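Heads up, the thing below is written out as structure tokens.
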Amino acid sequence: MTRLHLGCIADDFTGATDLANNLVRAGMRVVQTIGVPAETPTAEVDAVVIALKSRTIPASEAVAQSLAALTWLRRHGARQIYFKYCSTFDSTPAGNIGPVTEALLDALHDHPGGRFTIATPAFPDNGRTVFHGHLFVGDRLLSESGMQNHPLTPMRDPDLVRVLQAQSRGQVGLVDYRVVAQGPEAIRARFAALQAAGIRVAIVDAIDNEDLLRLGPALAGLPLVTGGSGIAIGLPANFGLAPSPAASALPAASGRRAIVAGSCSRATGRQVQAFVQAGGAAFRIDPFAIAKGERVVDAALAWYDRQTGSEPALVYSTAEPDSVARAQAQLGVAAAGTLIEGALARIAQGVVARGVRQLVVAGGETAGACVQALGVTQLQIGPQIDPGVPWCYARTGGEGGVYVHLALKSGNFGADDFFAKAFRMLS
Ligand code: ADP
């Protein structure tokens, strides 16, 4: 592997994929790793995105994991570090965005420019914009967007300068939209003025992609940038890279096709329905049958063995909210989740053992469980299927590992015909 342009640290798995997808679209060849990699990526890449699970763990652990990721990325020559968090700035006064950002700055402070960084979760394509330092989701302030009720990171203050200041030791400032509108020179001048005033981290306004493209050149040479996945669109050009289909090229697909769906989100519900209505072969998993100890995994794989031809087959636990609530009431929320994720992960393993080389997984947690069961540790990122969901290419673990095309879909992502569209793209 040659020297990395960009080394990225993402605080969760689907967020990492979202960032990787944006970088690929802007012209970078990207590998995403699950945790800090044990080995060097085999593919030639411009950026590595290390997916951590550090969003809601204690701040000290998030710092330790992020610093370990930083060490690995610097060892591989990363010219710039990108700390990626959620575009709704998911955090609490205890962290983890502030503590991780400051720990990364401390570690980079010997570099020229390493005493200052930016923070902007703006992602206009997804309706996340920042104006006067206030974060909007669509046309609502963050604090009225539903995020005020998030079970782990309730966001009750839309003023990001205040939110980040509460979790930081150093001073937080703002580069407002009027400065951003003037372009890279003005933004850089503002950075210098803020640093001279003792500011360590600046929230940057951005209300559309043009703002992010003006911000991009101003970030050239900063050892650290932080934000959602939006600022990714302005960075590859700093390394002389332009959008190109070559960045997302994956080896040709072959083998059988399958879908494993464990998401009960509305979009997945519609996708399962569309697939079944179009005559697709589908097998439903019943949580109560698993809880009763019935051999559900064996039954699903026996059903799969009876499928012939090259049409994709779907195994799903996707259900309506009342049915999910019944399962959760009877089995417990966490137990129901773990039980079903475990069964679907073994089914994913089983179908790959039976020759599936093109696999779609619906559901963030479900995808995590499947990737772990398959022993996948690195994903080469390919073309986007729908916003936020690319095809990936990965080797399964252990002796006799095989190469598989994987699409890991966060529950609420994708159009209704996502499954058919995904396979069409590979043929
Ligand atoms: P999403 O991305 O839509 O949130 P996830 O896979 O992250 O999807 O989460 C869905 C959770 O719901 C998983 O833990 C899964 O095991 C669980 N689950 C799936 N089907 C059912 C069901 N029929 N009843 C109860 N829980 C379910």
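Taking segment 111-142 as the range and being over 23 Å from ALA220 (Cα atoms), part of a loop (DSSP other than H, G, I, E, B) and at pLDDT 95 or above as the test, the residues that pass are HIS132, ASP139.
If you go through segment 24-47 one residue at a time, do you hit one that is among the acidic types (Asp, Glu), crowded, with 20+ Cβ neighbours inside 10 Å and at pLDDT 95 or above? Reasoning before the result, please.
Of the residues in segment 24-47, the ones among the acidic types (Asp, Glu) are 39, 44, 46.
Next, from what is left, pick out any that are crowded, with 20+ Cβ neighbours inside 10 Å: 46.
Now drop any that are not at pLDDT 95 or above, which leaves 46.
The answer is yes; a qualifying residue exists.
Would you check if ALA334 is more than 16 Å from the ligand (Cβ to nearest atom), of a type in the set (A, V, I, L, M) and within 24 Å of the chain's Cα centre (by Cα)? In short, no.
Remark: pairs (first residue in segment 267-290, under 23 Å from PHE413 (Cβ atoms) and in a helix (DSSP H, G or I); second residue within 9 Å of the ligand (Cβ to nearest atom) and of a type in the set (Val, Ile, Thr); Cβ separation under 6 Å; 6+ apart in sequence or on different chains) = THR268/THR318; GLY269/THR318; VAL272/THR318.
Please tell me if ALA218 is out of contact with any Leu (no Cβ under 6 Å at 6 or more places or on another chain) and either open to solvent by 10 Å² or more (accessible area, probe 1.4 Å) or modelled with pLDDT under 95 (or both). Walk me through it before giving the result.
Details: out of contact with any Leu (no Cβ under 6 Å at 6 or more places or on another chain): yes; either open to solvent by 10 Å² or more (accessible area, probe 1.4 Å) or modelled with pLDDT under 95 (or both): no.
Considered against the rule, which asks whether it is out of contact with any Leu (no Cβ under 6 Å at 6 or more places or on another chain) and either open to solvent by 10 Å² or more (accessible area, probe 1.4 Å) or modelled with pLDDT under 95 (or both), ALA218 comes out as no.
Helices (runs of 4 or more DSSP H) fully within segment 143-208 that include at least 2 residues being surrounded by 13 or more Cβ atoms within 10 Å (Cβ to Cβ) and over 26 Å from the mean Cα position of the chain (by Cα): 177-181, 184-196.
Within segment 316-328, which residues are surrounded by fewer than 12 Cβ atoms within 10 Å (Cβ to Cβ) and near the ligand (Cβ under 10 Å from one of its atoms)? Within segment 316-328, GLU320, PRO321 meet the criteria. Within segment 260-310, the set of residues being within 12 Å of the ligand (Cβ to nearest atom) and polar (S, T, N, Q) comprises SER263, SER265, THR268, GLN271. Contact map, segment 302-318: first residue touching a residue at least 40 places away in the same chain (Cβ under 8 Å), second residue among the charged types (D, E, K, R) and assigned to a loop (DSSP other than H, G, I, E, B), Cβ cut-off under 9 Å, separation 6 or more or different chains; pairs are TYR304/ARG354; ASP305/ARG354; SER317/ASP286. For beta carbons closer than 7 Å, sequence separation of 6+ or different chains, a first residue in segment 114-138 that is open to solvent by 10 Å² or more (accessible area, probe 1.4 Å) and a second that is of a type in the set (Ser, Thr, Tyr) and in a strand (DSSP E or B), the qualifying pairs are PHE136/THR129. Being open to solvent by less than 50 Å² (accessible area, probe 1.4 Å), modelled with pLDDT of 95 or more and at positive phi holds for only one residue in GLY240, GLY255, and it is GLY255.
Of everything listed in (1) more than 15 Å from the ligand (Cβ to nearest atom); (2) under 24 Å from the mean Cα position of the chain (by Cα); (3) open to solvent by 40 Å² or more (accessible area, probe 1.4 Å), the single unmet condition for ALA247 is (3). No other residue among ALA353, ALA373, ALA313 is over 23 Å from ARG29 (Cα atoms), away from the ligand (no atom under 11 Å from the Cβ) and surrounded by fewer than 20 Cβ atoms within 10 Å (Cβ to Cβ) apart from ALA353. Determine whether segment 313-336 contains at least one residue that is under 18 Å from LEU426 (Cα atoms) and either in a strand (DSSP E or B) or not small (Gly, Ala, Ser) (or both). Yes, that holds for at least one residue. Taken over segment 411-421, the criterion of being small (Gly, Ala, Ser) and surrounded by fewer than 24 Cβ atoms within 10 Å (Cβ to Cβ) is satisfied by GLY411, ALA415, ALA420.
Quick check, is CYS392 open to solvent by less than 10 Å² (accessible area, probe 1.4 Å), near the ligand (Cβ under 10 Å from one of its atoms) and either on the phi < 0 side of the Ramachandran plot or among the charged types (D, E, K, R) (or both)? Steps first, please.
Details: open to solvent by less than 10 Å² (accessible area, probe 1.4 Å): yes; near the ligand (Cβ under 10 Å from one of its atoms): no; either on the phi < 0 side of the Ramachandran plot or among the charged types (D, E, K, R) (or both): yes.
It is false that CYS392 is open to solvent by less than 10 Å² (accessible area, probe 1.4 Å), near the ligand (Cβ under 10 Å from one of its atoms) and either on the phi < 0 side of the Ramachandran plot or among the charged types (D, E, K, R) (or both).
Do the conditions hold for LEU213, that is, is it hydrophobic (A, V, I, L, M, F, W, C), in a helix (DSSP H, G or I) and farther than 20 Å from CYS8 by Cα? Before the answer, list the steps.
Working: hydrophobic (A, V, I, L, M, F, W, C): yes; in a helix (DSSP H, G or I): yes; farther than 20 Å from CYS8 by Cα: no.
When the stated conditions are applied, LEU213 does not pass them.
The values are calculated or read from the model by the stated rules, or taken from the named source; none is laboratory data. Given the structure is predicted, the values throughout are model-derived calculations rather than measurements. Ideal geometry is used to build each Cβ from the backbone, glycine not excepted, and the neighbour counts take in all protein chains shown. Calculation scope for accessible area: heavy atoms of the full protein, side chains included, ligands and nucleic acids excluded. Shrake-Rupley method; radii C 1.70, N 1.55, O 1.52, S 1.80 Å.
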